[in-house]
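Notes to accompany the following structure.
The values are calculated or read from the model by the stated rules, or taken from the named source; none is laboratory data. Being a predicted model, the structure only gives us computed values, none of them experimental. Ideal geometry is used to build each Cβ from the backbone, glycine not excepted, and the neighbour counts take in all protein chains shown. In case anyone asks, the SASA skips ligands and DNA or RNA and just uses the protein heavy atoms, side chains included. Shrake-Rupley method; radii C 1.70, N 1.55, O 1.52, S 1.80 Å.
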Amino acid sequence: TFLDRILLPSHDRAPPFRTFGSVQAGVMSALAMTSSSFAPGRAILSRSRVRSGSVQTRSRPHIVGASASVETSFFPIPSVGLKLEVQSQKAASGVTKRAPMVFVHGSYHAAWCWSEHWFDYFASRGHDCYAVSCRGQGKSDVPQGVSVAATLVEHADDVTAFCASLGTPPVLVGHSFGGLVAQQVMCRRNPPELAALALVASVPPTGNGPMVRRFLARNFIASVKITYAFIAGAFKTNAALCRECFFSRDLPESELLAHMGQIAESCNVRLLDLKALDDVLPIPAPKAGSAPVCVMGGRDDFVVDVEGLEETAEWGRTEAIVMDDAAHDLMLDIRWEQAAAALDGWMATNVSA
């Protein structure tokens, strides 16, 4: 049936037909206006400003969750009477201390997505690690009487306040819509001092609209399917959709199901109102002398395509690092360690000790 074609993973069916005319235009308009996140498309292009990295699959143990050394605390936002969940892990003893790292998640995720793997990796290399759950996400307080947790500027205000509280300029790392929040932090009128900005599979500074249009033109059926998954939150209960939205085809099923359960419990209220983003986008380019910017993502990302990475890299005056065979959730997916190593290598060259 047509519904089966929409919901069946694209690699399990024949390539969809091209759709043109008023039907495509109407759906494109509706999806661009109502999607609670972005639409999909397999990234297939490579440009001169994109640096590609080959990634090998490695054997790894079953998921064990965050390290026992991860602590949970709550950061107050007095202006609104809310507290934000903060997961943290101190740098390992006996290694050279490096800049702290502050991680910001995207839609349908929370602080846990960073402490799962990347905390141990970066703490073992001398970084104090902190992951903030945005308002209404994870264990953070939920604003009362609202349908959306906060505006982009309000989320950026919260992250700015937390970064400033550390006393040492951190590397700010943002994933997906958390990357858009991180861009807003860097380019606000009075930004916190940062050691660097790392954007992981980040929404570009113009938002997700151009990607929606590209994806619909490239693969209409798959675009409708994945956009539906975000609008309805269908990936919370449908493992095939969860994999296609966030993870690689070779992530073990047990890990996929574990992450699907975590994703299902992460969002207590919508992170952002996409229609309201038009008022603050595009994010202005970083000022001269701003902290260096790293942009990285996956070539098999069904959410942020390579052109989106290119756009963000141009904004940050850098080159995108594109991980082959990698999907949207680089910090959780089967190749999380290769992605962490790529960021670590970039920081070794671009961030002062």
Fill in the blank from the handout: Only one of (1) at pLDDT below 95; (2) under 16 Å from the mean Cα position of the chain (by Cα) does not apply to residue 308, and that is (1)
Handout entry: Residue, most open to solvent (accessible area, probe 1.4 Å), within region 200-221, restricted to residues that are within 11 Å of residue 303 (Cα to Cα) and at pLDDT below 90
Key = 208
Handout entry: Filter pass, residue 167 being out of contact with any Lys or Arg (no Cβ under 9 Å at 6 or more places or on another chain), among the small types (Gly, Ala, Ser) and touching a residue at least 60 places away in the same chain (Cβ under 8 Å)
Key = no
Practice task
Scan region 82-99 residue by residue and report those that are open to solvent by less than 60 Å² (accessible area, probe 1.4 Å) and closer than 19 Å to residue 141 by Cβ.
Solution key: 82, 84, 85, 86, 87, 88
Fill in the blank from the handout: Note on residue 102: of the conditions (1) part of a loop (DSSP other than H, G, I, E, B); (2) open to solvent by less than 10 Å² (accessible area, probe 1.4 Å); (3) among the β-branched types (Val, Ile, Thr), unmet is (1)
Problem - Those helices (runs of 4 or more DSSP H) lying entirely in region 130-227 with at least 1 residues of a type in the set (A, V, I, L, M) and touching a strand residue (DSSP E or B) at 6+ places or on another chain (Cβ under 8 Å) - result: 152-165, 177-186
Exercise for the section: Take residue 65 and decide whether it is modelled with pLDDT under 95, assigned to a loop (DSSP other than H, G, I, E, B) and under 30 Å from residue 233 (Cβ atoms). Expected result: yes
Exercise for the section: State whether the residues of region 113-124 include one that is touching a Gly at 6+ places or on another chain (Cβ under 7 Å), farther than 15 Å from residue 162 by Cα and open to solvent by less than 10 Å² (accessible area, probe 1.4 Å). Expected result: no
Handout entry: Residue within region 132-141 that is open to solvent by less than 40 Å² (accessible area, probe 1.4 Å) and closer than 20 Å to residue 288 by Cα present
Key = no
Exercise for the section: Identify, from the list 201, 229, 234, the residue that is closer than 22 Å to residue 273 by Cβ and in contact with a His (Cβ under 6 Å, 6 or more places away or on another chain). Expected result: 201
Practice task
Just give me the residues in region 222-232 being open to solvent by less than 10 Å² (accessible area, probe 1.4 Å) and not hydroxyl-bearing (Ser, Thr, Tyr), in sequence order.
Solution key: 222, 225, 226, 229, 230
Practice task
Assess whether residue 318 counts as being at negative phi, over 17 Å from the mean Cα position of the chain (by Cα) and in contact (Cβ under 8 Å) with a residue 12 or more places away in the chain.
Solution key: yes
Completion exercise
Exactly one of 182, 276, 232, 264 is closer than 20 Å to residue 149 by Cα and free of Cβ contacts under 8 Å to residues at least 12 places away in the same chain, and that residue is 232
